[in-house]
Amino acid sequence: QRLCDNDPGVMGATLCPLYDLILEDPNAYKDLVVSFVNILKQVAERRLPTSYDYHQMPAPFIQIKLLKILAVLGSGDKSASGHMYTVLGDIFRKGDTASNIGNAILYECICCVSCIFPNSKMLDAAAETTSKFLKSDSHNLKYMGIDALGRLIKINPDIAEQHQLAVIDCLEV
């Protein structure tokens, strides 16, 4: 009920205890997948007041928590994951790699894609973002890229081949 509250602060505060409950019994909350996806879509489309923005990023902490929730709910569930693909694709397309918080959202999106039922378009988008991390001058982003790559190759080992040189460059620095 609080998830649909008109006050985004109440909705956002509801996500933390819901996440803990979902971790204990994901099946009990599968019926909320569409609601979580709709909320994430609204946040990503900047439908919340700008007071929830952080460095021009719309409610990033709410986005990150929703991505974590969706990762748990979509794990091994083709139907639940199917509802997520469009909004995840939108986040990858609109992702802001110019800011730390934008990179954090993209990284969490990669983590979500690596947990839910595999989709080739999502894996391609995740691999492309991972490539940007690996090619970054920032050591922190390179580390995130290596971690993200480790998650993705568990699903599709072929992804590693296209990033071999970037990983070797990371090791040489």
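The values are calculated or read from the model by the stated rules, or taken from the named source; none is laboratory data. Just so it is clear, the model here is predicted, and its values are computed rather than measured. Cβ atoms come from the backbone with ideal geometry, glycine included; neighbour counts cover every protein chain shown. Surface accessibility is based on the protein's heavy atoms, side chains included, excluding ligands, DNA and RNA. Shrake-Rupley method; radii C 1.70, N 1.55, O 1.52, S 1.80 Å.
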Checklist entry - Are any residues in segment 17-39 of a type outside the set (A, V, I, L, M) and touching a residue at least 40 places away in the same chain (Cβ under 8 Å), and if so, which ones? => result 19, 26, 29, 30
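Looking only at segment 70-78, decide whether some residue is in contact (Cβ under 8 Å) with a residue 24 or more places away in the chain and under 10 Å from the mean Cα position of the chain (by Cα).
The answer is yes, given that some residue of segment 70-78 is in contact (Cβ under 8 Å) with a residue 24 or more places away in the chain and under 10 Å from the mean Cα position of the chain (by Cα).
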Checklist entry - Restricted to segment 69-97, and to residues that are more than 14 Å from residue 110 (Cβ to Cβ) and in a loop (DSSP other than H, G, I, E, B), which residue is modelled with the highest pLDDT? => result 77
Next on the checklist: Need pairs with beta-carbon distance below 8 Å; first residue under 14 Å from residue 162 (Cβ atoms) and touching a residue at least 40 places away in the same chain (Cβ under 8 Å) and within segment 132-152, second of a type in the set (Phe, Trp, Tyr) and buried (at least 21 other Cβ atoms within 10 Å of the Cβ); sequence gap 6+ or separate chains.
Outcome noted: 148/107; 148/133
Checklist entry - Which is aromatic (Phe, Trp, Tyr) and surrounded by fewer than 18 Cβ atoms within 10 Å (Cβ to Cβ), of 92, 36, 61? => result 61
Item to check | Test for residue 163: is it crowded, with 17+ Cβ neighbours inside 10 Å, farther than 26 Å from residue 78 by Cα and free of Cβ contacts under 8 Å to residues at least 40 places away in the same chain | outcome: yes
Item to check | Qualifying residue in segment 119-142 (condition: part of a helix (DSSP H, G or I), aromatic (Phe, Trp, Tyr), out of contact with any Cys (no Cβ under 6 Å at 6 or more places or on another chain) and open to solvent by 10 Å² or more (accessible area, probe 1.4 Å)) | outcome: no
